[in-house]
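Trainee: Before I ask anything, let me first share the structure, which is written out below as structure tokens.
The values are calculated or read from the model by the stated rules, or taken from the named source; none is laboratory data. Because the structure is predicted, anything quoted here is derived from the model rather than measured. Methodologically, a virtual Cβ is constructed for each residue, glycine included, from the backbone with ideal geometry; neighbour enumeration extends over all protein chains shown. Ligands, DNA and RNA are excluded from the accessible area calculation, which covers all protein heavy atoms including side chains. Shrake-Rupley method; radii C 1.70, N 1.55, O 1.52, S 1.80 Å.
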Amino acid sequence: MFVNYDIDLLITPDPLLIPQVMFEPVFDYELVLVVGEHHALREKSCAMPKDLSEEVLFTYPVETARLDIFQQFLIPAHYMPKQHKQLEDTEIILQMVAAHRGVTAMPKWLIDKYQEKLPIYPVRLGTGIFKHIYVGYRQSDQNNAHIQKFIQLAKDQEIVEH
């Protein structure tokens with residue numbers, strides 16, 4: 001995809017090992033469980049894998065092997081949610097969570113923004129799942145002024161997590 005010039009930049013939390021492609025970290029974030037206003041987990045300091053065993057978990061339509069909530073939280077502890085539903089739209093997922101139809105896992109900075117509109121709340125996953133956002137680009141473009149400016153702008157964005 002990069003080498004064939006199908007795309008110029010890739011924004012991802014999961015850099016790929018592709019020859020001739022560079023991935024540069026631009027900011028850190030915490031992946032959190034998102035619950036509705038009256039959810040029992042809202043008052044807990046953190047959620048444990050067992051806590052999700054009776055939950056409907058909403059995720060994007062991505063294979064389970066690429067979802068951190070499964071790979072770094074549930075599977076190592078040998079737990080699974082009661083039901084896993086995939087939805088394509090962030091706002092729909094968060095509206096379903098606000099309506100107490102299930103829970104989801106998303107970056108805390110994103111939830112902080114949506115809390116202005118929806119009664120949703122972040123809950124730490126265990127001791128925390130901390131990630132990075134990377135910008136991927138072709139090695140041959142490492143001196144491209146537009147790409148370097150984009151990377152600098154991304155690094156300069158202050159993602160404040162409370």
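Trainee: Given (1) at pLDDT below 95; (2) open to solvent by less than 30 Å² (accessible area, probe 1.4 Å); (3) not aliphatic (A, V, I, L, M), identify the lone condition not met by GLU24.
Mentor: Evaluating GLU24 over (1) at pLDDT below 95; (2) open to solvent by less than 30 Å² (accessible area, probe 1.4 Å); (3) not aliphatic (A, V, I, L, M) leaves (2) as the failure.
Trainee: Okay, next question. Does the stretch 55-72 contain at least one residue that is modelled with pLDDT of 95 or more, out of contact with any His (no Cβ under 9 Å at 6 or more places or on another chain) and small (Gly, Ala, Ser)?
Mentor: Checked against the condition, which is being modelled with pLDDT of 95 or more, out of contact with any His (no Cβ under 9 Å at 6 or more places or on another chain) and small (Gly, Ala, Ser), the stretch 55-72 yields no hits at all.
Trainee: Of all the strands (runs of 3 or more DSSP E) wholly in the stretch 52-162, which have at least 1 residues that are open to solvent by 60 Å² or more (accessible area, probe 1.4 Å)? Quick ask: steps written out before the conclusion?
Mentor: Details: elements: 56-59, 83-86, 103-107, 120-138.
The qualifying strands (runs of 3 or more DSSP E) are 83-86, 120-138.
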